[in-house]
Structure formats: C-alpha cells, structure tokens
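These notes concern the structure reproduced below.
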Amino acid sequence: MNNRQDVENVIIIGSGPAGHTAAIYTARAELNPLMFEGFMAWGVAAGGQLTTTTEVENFPGFPEPIQGPELMMRMRQQSQRYGTRIETKTVNKVDFSNFPYKVRAEGESEPRQAKAVIIATWATAKRLWIPGEKEFWQRWISACAVCDWGLPMFRNQPLVVVGWGDTAAEEASYLSKFGSKVYMLVRRDQMRASKAMQKRVMNNPKIEILRNTEAKEAIWDDTWLKGVKIVNNKTGEERVLEARGLFYAIGHKPNTDFLEWQVLLDESWYIITKPWTPFVYRWPALWNTEAKDDAILKWVFAAGDVQDKKYRQAITAAWSGAMAGIDAEHYLAGLED
C-alpha cells in the first residue's frame, strides 16, 4: 500500500457495477486505483443495490440467472485481479477545492490525496418500512420491477405497486405483462404521472388504480407473501389485497450528502454530469447542463445511479463506469508527474 502521504492516481468511491467497472479499466491501464467500497454505507453492503437482489436475469453474459451478491463478488474479484486496492471503509468527506483532491474515510484522521476521483456511490431506494417489509425485502418486496418482473414466482399472480409518478406507471405496465392483476396504490386523489402514462395504465384492463390508498402491512403465509393490508387515508377503511409481490416506486435518494455541495446537484440531489460524459460540474455552476467547459470540475467524475435517475440498471451503471475509467485514464495521461 502506498504511503499515506503519497498522492493516488485514482480514488474510486463506491463499489457497485459502476465503481468496479471503473476500477477494472483504470487498473488495466496500470493506474493502481484505490477503491473505498464502503462498510454498510447508506444501509447497504459493499457492492451496492445488487447485494440486496436475488436473481438477476438481465445482465449480459449470464444465460442462467445469477444471484445479485454473487455477481458483485465476481466484479470485485475481477477488480482485484487487475490490481485494484480495495478498502472496506466509507468515505464521509471530500475536498475538491484544491489539487490534489482530498478524500477522507470514516475512522481516519488524515485524508488521502488523489489526482482523480470517481464518485460511484449509487442511489438508495426509498422504502415504506411497513411491518413485514424488513424480513422479506428483496424476496417478495422489491424497488425494481424492471429487474424482477419476469421472475417465475410473480407470473400469473396478483401484484401491488406503490407509487404515483411515471416510474410507478411504467412499472405497473411492466408487471401487467406477467402478473394476473396489478394494483396501483396512489396516496392522493390524482397521480403525478404524465398524461400519457396515466392514460396507459388506465386503459390497461389488468391494472386497477386505488386512489387515496396506502400500504399498511405485508401479510405472510409461511415464507410467501400472501397479501398487502391497505388503508384508505380519507375514510380510514382497511382491507387486505391478495398479492404475491409488492413493488415500491416511490423514488430513490442518491448518496451525495458527503459531497457537501462541492459538485452540481439537481433538485433531487443527483449529480449533474455533462451530457453523455462522466464529467461533473463544480458548485456553484449554471443549472443549465449546457454550461461552459470551464465550469467542469476537472478530474472528478461520476458514474452509476448517483447520476442516473432514469435507468438505474446494472448494465447502464457499468457503461458509465467504463466511461469514467477511460476518461480518467485520458486525463491523467496529460498530467505532469
């Protein structure tokens, strides 16, 4: 390990598909990257959201489903094989005001220094924390219908989606292709989804929209989800919907608190990157993402769900991680020793 006073070529913060892909690219470029993979950062094990997922069916190269934790372990092993140094620590502070940049991990008195920093701290799905949820999270309860919709246990079964925006409408539409019936729980009189998405779900005979309705409890029968207790928040009426799957579409929170407004964030706290690149803007900068290049915070990159509020898939995270790794290599190649 380098002396603590040495300046690292690349520090990668985060260890999901984006972080490990960036690590693989920078390690193969002989940049000797250092990764802080996190220790139960934001309530999730090192490896990110995939460590809380069961079967992954949509990651290329695996014709048979692979367990999320196993997929992340393979990525970790590949990163280490090419020379990535991994420390199981959570970064809680950065300083991008001066070069070289400083990155401090929990429990350390002195920060590490780096020529380039790749932020890949993913986004954490928002949850309801209703009774029964914790015990069966990512078994019969999920925050990614796009990931899990085709699993055999959900086919031809009644399913419940909690949410009221475009994502909820989209996920209900996905689930209706396999489920026998899909209930959408909308906590208000009106949905926030676009008119087009509202029309799509309202015209789908397999989707029933329950307005002014909230999930109150997940009901279990042995090891299976049996139903979801719901309540009408206007009348107080409670009942149990038969259901084999419960899906949350109430948003994600990007893990950007530790950045302390040193990079440009949008209204939902996602990092804003220059379109089709991993380059981040310094704070303050124009909210317009067509800001001039002199607003770019050089040699700081963002990859994965921390900057992607739309797709949030393992493959798109890996894609952005590859971009960050390649661009970090190109930028460092132009630096003087």
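The values are calculated or read from the model by the stated rules, or taken from the named source; none is laboratory data. Note that the coordinates shown come from a computational prediction; the quantities given were computed from them, not determined experimentally. Note: ideal-geometry Cβ built from the backbone for every residue, glycine included; neighbour counts use all protein chains shown.
Say whether the condition of being over 23 Å from the mean Cα position of the chain (by Cα) and in the same structural domain as Lys206 (by TED's automatic domain parsing) is met by at least one residue in segment 135-149.
no
Given the conditions (1) surrounded by 14 or more Cβ atoms within 10 Å (Cβ to Cβ); (2) farther than 14 Å from Leu185 by Cα; (3) modelled with pLDDT under 95, which single one is not true for Tyr248?
Tyr248 satisfies all of (1) surrounded by 14 or more Cβ atoms within 10 Å (Cβ to Cβ); (2) farther than 14 Å from Leu185 by Cα; (3) modelled with pLDDT under 95 except (2).
Can you tell me how many residues in segment 252-265 are surrounded by 14 or more Cβ atoms within 10 Å (Cβ to Cβ), outside any strand (DSSP E or B) and without any contact (Cβ under 8 Å) to a residue 60 or more places away in the chain?
1
Against the conditions (1) over 30 Å from Gly334 (Cβ atoms); (2) touching a residue at least 24 places away in the same chain (Cβ under 8 Å); (3) surrounded by 17 or more Cβ atoms within 10 Å (Cβ to Cβ); (4) out of contact with any helix residue (DSSP H, G or I) (no Cβ under 9 Å at 6 or more places or on another chain), where does Ala218 fall short? Just the number, please.
Result: Ala218 fails condition (4) only.
Looking at Phe301 and the list (1) modelled with pLDDT under 95; (2) surrounded by 16 or more Cβ atoms within 10 Å (Cβ to Cβ); (3) not β-branched (Val, Ile, Thr), which single condition is not satisfied?
(1)
Please find, within segment 15-69, the residue that is surrounded by the fewest Cβ atoms within 10 Å (Cβ to Cβ) out of those that are closer than 18 Å to Lys115 by Cβ and touching a Phe, Trp or Tyr at 6+ places or on another chain (Cβ under 6 Å).
Checked segment 15-69; the qualifying residue surrounded by the fewest Cβ atoms within 10 Å (Cβ to Cβ) is Arg28.
Quick one: which residue in Ile207, Ile230 is surrounded by 18 or more Cβ atoms within 10 Å (Cβ to Cβ) and over 29 Å from Gly43 (Cβ atoms)?
It is Ile207.
Hey, any hits in segment 109-127 for a residue that's closer than 23 Å to His20 by Cβ, among the basic types (Lys, Arg), buried (at least 17 other Cβ atoms within 10 Å of the Cβ) and at pLDDT 85 or above?
Taking every residue of segment 109-127 in turn, at least one turns out to be closer than 23 Å to His20 by Cβ, among the basic types (Lys, Arg), buried (at least 17 other Cβ atoms within 10 Å of the Cβ) and at pLDDT 85 or above.
Hey, can you tell me all the residues within segment 28-47 that are touching a helix residue (DSSP H, G or I) at 6+ places or on another chain (Cβ under 7 Å) and at pLDDT below 90?
Passing the criteria: Val44, Ala45, Gly47.
For segment 305-337, give me each residue that is among the acidic types (Asp, Glu) and over 24 Å from Pro100 (Cβ atoms).
Passing the criteria: Asp305, Asp308.
Based on what the data block shows, is Phe279 of a type in the set (Phe, Trp, Tyr), touching a Lys or Arg at 6+ places or on another chain (Cβ under 7 Å) and either modelled with pLDDT under 95 or not assigned by TED's automatic domain parsing to the domain that holds Glu208 (or both)?
In short, no.
Given the conditions (1) assigned to a helix (DSSP H, G or I); (2) in contact with an Asp or Glu (Cβ under 6 Å, 6 or more places away or on another chain), which single one is not true for Tyr174?
Answer for Tyr174: the failing condition is (2).
Would you check which residues across segment 230-255 are touching a Leu at 6+ places or on another chain (Cβ under 9 Å) and closer than 30 Å to Tyr311 by Cα and list them?
Matches in segment 230-255: Ile230, Leu241, Ala243, Arg244, Gly245, Leu246, Phe247, Tyr248, Ile250, Pro254.
Taking the condition farther than 16 Å from Leu128 by Cβ and not acidic (Asp, Glu), does Val228 pass?
Taking the combined requirement at face value, the residue does not satisfy it.
Can we say Thr90 is within 17 Å of Leu259 (Cα to Cα) and of a type in the set (Val, Ile, Thr)?
Yes: the conditions hold for Thr90.
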